[in-house]
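Since the structure comes first, as C-alpha cells, the remarks are kept for the end.
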Amino acid sequence: MPRVKRGVGHLKKRNNLMKRVKGFDLGRKNLLKLAKTADTKAGAHAYRDRRLKKRTMRQIWQVRINAAVRMFDLSYSKFTGMMKTKEVGVNRKVLAEIAEHHPDIFKKIVEFVK
C-alpha cells in the first residue's frame with residue numbers, strides 16, 4: 001500500500017477551523033484542541049439559539065401589544081380573546097409593528113374589536 005501524506009488536507013481543514021474561531025477568547029482562537037471544542041460548542045449554541053430566537057421574539061411582541069392595549073383599559077388576554085371572537089386575522093408580529101409605529105391604526109383595530 002502506498003504512503004499517503006496528509007499535509008494539504010490537514011492544513012486546509014485546520015485553516016477553515018481557525019477562520020471560524022477567529023475572535024474567540026484566549027487559546028480558543030489559536031490552539032487546535034481548544035479551537036475544535038470551541039467551534040463545536042459554538043455551533044451547538046447557534047443551532048439552539050436559532051430556535052430560541054423565535055420564542056423570544058414572540059414574547060417581545062406580546063409585551064409590546066400588551067403595553068399598547070393597556071392605554072385602552074384592556075389586558076393582553078382580553079384583547080386576544082376579543083380578536084378571536086371578531087375573527088381578526090392579524091398575527092402578533094404585525095400587531096406589535098402597528099402598535100409601535102401606527103398608533104392611530106391600532107386604535108381603530110381596538111375600537112373594532114371592542
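Structural remarks
- Candidates Arg51, Arg14 - the one that is over 30 Å from Lys93 (Cα atoms) and modelled with pLDDT of 95 or more: Arg14
- Region 4-114 holds helices (runs of 4 or more DSSP H) entirely within its bounds, and those carrying 3 or more residues that are surrounded by 13 or more Cβ atoms within 10 Å (Cβ to Cβ) and in contact (Cβ under 8 Å) with a residue 24 or more places away in the chain map to 32-70, 76-86, 92-101, 103-113.
The values are calculated or read from the model by the stated rules, or taken from the named source; none is laboratory data. Everything numeric in this text was worked out from a predicted model, so none of it was measured. Neighbour counts run over all protein chains shown; Cβ positions are idealised from the backbone, glycine included.
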